[in-house]
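What follows draws every value from the coordinates through simple rules; no lab data is involved. Predicted, not measured: the structure shown is a model, and the values here were computed from it. Quick reminder, even Gly has a Cβ in these numbers, built from the backbone with ideal geometry, and neighbours come from all protein chains shown.
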Amino acid sequence: MSRRWVGLVFGVAFGFWLAWARLTDYRAIVGALRFQSFYLWLLFATGVATTALGLRILSRTGARTWLTRAPLAWPPVSPQRRHVVGSALFGVGGALAGACPGPIAAQIGEGRLSALFTLAGLLAGIAVADTLGKRQPLFVGAPCAGEAQEARG
């Protein structure tokens, strides 16, 4: 199976899971942001804990990626200013849109056309970040885990 088909299958499955778990529902997202509902926070915490444990196990067992067979390895990176700024911008954008970038495609697939505005904001944010990254040393520093892996090849 080609990489594109694997990506498509996983993408569709992930989008289905997002919709099934109500991560595309505006009321669920805003309720979590207002601390009126803790459903999403518990779901996020479970995901973070499962991922942290799973990645720890995979790295200790010398696991490799499915598609490229590259070893799973990433350098530890301490939190930096760019992480704090990025997190704040992500939170503000999510609060304004009532959604985060993750479920945009699933929301559009569900027919929620308001997600097109979130997509426009996402693309505008990428353009601004690219422009700032070329002008200022704001984004200079130790690479994030994915950037380090990409640089190695």
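Structural remarks
- Comparing ALA28, ALA120, ALA99 in a Gaussian network model of the chain, where Cα atoms under 10 Å apart are tied by springs, the biggest mean-square fluctuation is seen for ALA120.
- R0 of 25 Å, Cβ-Cβ distance ILE126-ALA95: FRET efficiency to nearest 0.05: 0.85
- Nearest-0.05 FRET efficiency for ARG27 and ALA70, computed from C-beta distance (R0 41 Å): 0.50
- 3J(HN,Hα) couplings calculated from phi for the range 62-68 with the Karplus curve 6.51 cos²θ - 1.76 cosθ + 1.60 (θ = phi - 60°) are, in sequence order, x, 5, 10, 5, 5, 7, 9 Hz; Gly and Pro show x.
- J(HN,Hα) series, the range 2-9, from Karplus relation 6.51 cos²θ - 1.76 cosθ + 1.60, nearest Hz, glycine and proline x: 6, 4, 5, 5, 4, x, 5, 4
- Only helices enter this figure: runs of n ≥ 4 DSSP H residues, each worth -39500 (n - 2.57), summed and divided by the residues of the chain, yield -21000 deg cm²/dmol at 222 nm to the nearest 500.
- Remark: the chain carries a charge dipole of roughly 320 debye about the Cα centre, counting +1 on each Lys and Arg Cβ and -1 on each Asp and Glu Cβ.
- Euclidean distance of C-alpha centroids, the range 1-24 and the range 46-98, integer Å: 19 Å
- Put simply, when 105-115, 2-12, 86-96 are sorted by average Cβ atoms within 10 angstrom per residue, most first, you get 105-115, 86-96, 2-12.
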